[in-house]
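Bear in mind these aren't lab numbers, they're just calculated from the coordinates by the rules spelled out. Everything numeric in this text was worked out from a predicted model, so none of it was measured. Here the Cβ positions follow ideal geometry from the backbone for every residue, glycine too, while neighbour counts run over all protein chains shown.
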Amino acid sequence: MLDATPADPVERALVVTAHPDDVDFGAAGTIAQLVAAGTAVTYCIVTDGDAGGFDPQIPRSEIPRIRRAEQVAAAAVLGVDDVRFLGYRDGELEVSQGLRRDISRVIRQVRPQRMFIQSPERNWARIPASHPDHMAAGEAAIFSIYPDARNPFAHPSLLNDEGLDAWTVHDVWVMGAPEPNRVVDVTDQRPLKIAALRAHDSQTAHMDDLDERISQWMTAAAQAAGLPEGRLAEAFMVVSIP
């Protein structure tokens, strides 16, 4: 049975995702809990989600601005006010040295004790969770955690030109993993999660079944962990790195 202990707060946490809205689908309830407990949370969004959206009346050139604004608004719902965008192209993400350097830079700037990342492994039971950009962002993030950000000789310009010392992250929570080992009861945070998702109007306005869909996912996670009927949970694979 999955571990269902609460998410203990840390001083600083960093979330790395491929697109605006990914964190809200995967971990908004948990993030809301941590913020309420005093954790300072930073979002690092790798792309601007410029390939997303469903309204043909909106010029495609406007999508990056819209989606950045939506993510900032969604973050504010949860109490997160530090949202950083790397500006990579949606749908074209690759695990490059440049991406690893850029994520390592944010790790060294924020100096988090815990990171939330996406799974680099394909989840055959939930293919939408395994968007190629999600997998690339997850792979680049774990490479940035180990070995890059902790190695002062990796991406030497970060130290030599920007003065960013190496930083070691020991606690990694993976969203959308095919084999989660931890759930967090987020029943009380459900309204915040839905509100954060609704802030992504360009992505969720057409989803009349959003509440039901999210509740089904979270109910299944809660049941897998043996939580009482009516409870809702978010699932993660939690990894400790020496």
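Counting Lys and Arg as +1 and Asp and Glu as -1, each charge on the Cβ, what is the dipole of the chain about the Cα centre in debye, to the nearest 20?
Details: 22 positive and 35 negative charges, 87 e Å.
For this selection, approximately 420 debye.
Would you pull out the residues with amide H under 5 Å of residue 83's amide H, same chain only if 5 or more places away, H placed 1.01 Å from N?
43
Go through 52, 227, 217 and say which Cα lies farthest out towards the positive end of the charge dipole of the range 12-240; charges sit on Cβ, +1 for Lys and Arg, -1 for Asp and Glu.
Farthest towards the positive end: 227.
Among 153, 236, which comes first, second and so on when ranked by fewest other beta-carbon atoms within 10 Å?
Values: 153 9, 236 27.
In order of increasing Cβ crowding within 10 Å: 153, 236.
Peptides 92-103, 129-140: what's the order by average Cβ count within 10 Å, highest mean first? Walk me through the numbers on the way to the answer.
Values: 92-103: 17.4, 129-140: 22.3.
So the peptides 92-103, 129-140, ranked by packing, come out 129-140, 92-103.
Please state the relative contact order of the range 12-240 as a whole percent: Cα pairs under 8 Å, 6+ residues apart?
RCO, the range 12-240: 25 percent.
With θ set to phi - 60° and the Karplus curve 6.51 cos²θ - 1.76 cosθ + 1.60, what are the ³J(HN,Hα) couplings of the range 54-69 in order, to the nearest whole Hz, using x for Gly and Pro?
Computed from phi, the couplings for the range 54-69 are 10, 9, x, 7, 8, x, 4, 5, 8, 4, x, 5, 4, 6, 5, 5 Hz.
Give me the extension gain from residue 73 to residue 58: residue separation times 0.36 nm, minus the current Cα-Cα distance, reported in nm with one decimal. All intermediate terms of the calculation are to be shown ahead of the outcome.
Details: separation 15, 0.36 × 15 = 5.40 nm, distance 1.93 nm.
Stretched fully, the residue 73-residue 58 segment lengthens by 3.5 nm.
Using modelled backbone amide H atoms (1.01 Å from N, in-plane), which distant-in-sequence or interchain residues come within less than 5 Å of residue 50's amide H?
90
By per-residue mean of other Cβ atoms within 10 Å, what is the highest-first order of 26-36, 219-229, 75-85?
On the way: 26-36: 24.8, 219-229: 15.8, 75-85: 18.7.
Per-residue mean Cβ counts within 10 Å order the peptides as 26-36, 75-85, 219-229.
Among 241, 194, 107, what is the fewest-to-most ranking by other Cβ atoms within 10 Å? Before the final figure, lay out each step's value.
Details: 241 13, 194 19, 107 26.
Fewest-to-most Cβ neighbours within 10 Å comes out as 241, 194, 107.
Check which residues have an amide H placed less than 5 Å from residue 171's amide H, if you skip close sequence neighbours.
115, 241
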